[in-house]
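Coordinate-derived values only; no laboratory data. Since the model is a prediction, treat every value here as computed from it, not as a measurement. Please note: Cβ atoms are built from the backbone with ideal geometry, for glycine as well, and neighbour counts cover all protein chains shown.
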Amino acid sequence: MFNKEGIPFFIIIVPFLAILFISFFSTSYYLKLTNSSFEIDTIEFKQVYILQNNYDEKKLSKLLQEKKKLHEIRQNEFKEFMIVLTVIIFVFMVLFSMLMNTIIHDVIKKYKNRVQNREERLESLNKTLVTKVEKGIEDGKQKDRAILQQSKLARMGEMIAMIAHQWRQPLTEVSGILMELETATRFKKVTNEHILKSIDKSDKMIEFMSNTIDDFRNFYKPDKKKEVFDVLASCKKAINLVNASLENSSIILNLEVKNNSFINGYPTEFAQVILNLISNAKDILVERKIQNPKITLVIESFGSLCIIKVKDNAGGLDEKNYDLIFDPYFTTKESSKGTGLGLYISKLIIEKNMGGELSVKNDEKGAVFKIVLLG
């Protein structure tokens, strides 16, 4: 069916067969027509000649033989013409076939070269694919490690800021106690009872500050395994850490518990998410200088689903940021106030670690972050 170059034989054979067939058919058909016409003409000639008065049979035979010879000469001339024409067309078709064969050969050769080049590229890609995949995985791991490291640093900074807010009031009280003792001592009015009372108050303030350090240290200690925990208790744990910072910014935090629930997950990580959402709401309220700033934390459950919402009255998010808000390193804060990792880590904790969902939308007052967990 195909020769060694992959070119079909019929491209060359069919035209030649067609030429030979047409030539033989034309010749035979022409000869048939001319023989029939000659016989008819001969019969008519005899009839006309017989009707004449000077009818001569020998003369008639001689005339017929001359006409027959003339007819044979014409037929031979036609045969020779057809042979010459067939040869010319045959030569033309040979040349044409050679040209087509060369063109098709070049096309096939180019096609084979393209296929071979693609095969070589695919083979080269396959050889380097494993290396590229390994490099991509390693780059991804390095990126994750960098994100986690930056997240730790960001949380450390947040923790220090919150500790500062928590310590501000007890430090002020301890300073007041010391000033009171100093004044009483200068005016010689200090008594043992006064000293012991001041020491007791100072001890309580120092104990509160020490407990604050323990609370923060335990709060950021990662959970090792899942456990069933009280959603409200974890939320209150986060609120206790950020409450001083909210009071310092004159922000009211409302806690609405419609239906409490118990969740199987990581209580410390969950509390970190709540703390991050409240801190973000506080930052945007302070940044936009909202009058009567307010944050609302809602806990409700529907069947086996527990829904936690953190709402603010800061005016909401820009719609163009909906698809970017949970991306790593995306932030609307100044570079000195945010890394863009808080919401990204929060979404990982809720969705990857706890199998829930974290989403955001706007209502008439501001942004609403919603957490959905299966109880």
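Please list 3J(HN,Hα) in residue order for the stretch 243-249, calculated via the Karplus relation 6.51 cos²θ - 1.76 cosθ + 1.60 where θ = phi - 60°; whole Hz, with x for glycine and proline.
Using θ = phi - 60°, the values come out as 4, 5, 5, 5, 5, 5, 9 Hz.
Compare the peptides 304-311, 121-128 by average per-residue count of other Cβ atoms within 10 angstrom and give them in order, highest first.
Working: 304-311: 18.8, 121-128: 9.8.
So the order, starting with the most tightly packed, is 304-311, 121-128.
Taking 30 Å as R0, compute the FRET efficiency from the Cβ-Cβ separation of I137 and V372 and round it to 0.05.
Details: r = 31 Å, r/R0 = 1.05.
The value I calculate is 0.45.
Report the full-extension gain for the segment I22 to S97: residue separation times 0.36 nm, less the Cα-Cα distance, to one decimal in nm.
That pair, I22 and S97, stretches by 25.2 nm at full extension.
Given the Cα-Cα distance of I104 and I73 and 0.36 nm per residue of separation, how much length would full extension add, in nm? Before the final figure, lay out the partial values.
On the way: separation 31, 0.36 × 31 = 11.16 nm, distance 4.56 nm.
Computed gain between I104 and I73 is 6.6 nm.
Between L129 and D363, what is the label-point separation in nm under the 7 Å Cα-to-beta-carbon projection?
5.1 nm
I need the peptides 259-265, 130-136 ranked by packing, meaning the mean over residues of other C-beta atoms within 10 angstrom, with the highest value on top.
Values: 259-265: 16.9, 130-136: 9.9.
In descending order of packing, they fall as 259-265, 130-136.
How much length would be gained if the chain were fully extended between V228 and M179, taking 0.36 nm per residue of separation minus their Cα-Cα distance, in nm to one decimal?
Numbers: separation 49, 0.36 × 49 = 17.64 nm, distance 4.85 nm.
Separation in residues times 0.36 nm, less the Cα-Cα distance, equals 12.8 nm.
Per-residue counts of other Cβ atoms within 10 Å, averaged by peptide: what ranking do you get for 276-282, 227-233, 183-189, 197-203, highest first?
Details: 276-282: 24.0, 227-233: 15.4, 183-189: 10.0, 197-203: 13.7.
Peptide ranking by packing, descending: 276-282, 227-233, 197-203, 183-189.
Where nothing but the Cβ of Lys and Arg (+1) and of Asp and Glu (-1) is charged, how large is the charge dipole of the stretch 234-375 around its Cα centre, in debye to the nearest 20? Walk me through the intermediate numbers first.
Values: 17 positive and 16 negative charges, 54 e Å.
Rounded to the nearest 20 debye, it is 260 debye.
What does the charge count around T296 come to, taking other residues whose C-beta lies under 11 Å from its C-beta (Lys +1, Arg +1, Asp -1, Glu -1)?
On the way: positive: K294, K309, K311, K365; negative: E256, D312, D363.
That works out to +1.
Taking +1 at the Cβ of each Lys and Arg and -1 at the Cβ of each Asp and Glu, which of L317, P293, S304 sits farthest along the dipole of the stretch 275-317 towards its positive end, judged by Cα position relative to the Cα centre?
P293
Can you work out ³J(HN,Hα) from phi for every residue in the stretch 308-313, in order, using Karplus 6.51 cos²θ - 1.76 cosθ + 1.60 and θ = phi - 60°, giving whole Hz and x for Gly and Pro?
Whole-Hz 3J(HN,Hα) from phi for the stretch 308-313: 10, 10, 10, 10, 9, 10.
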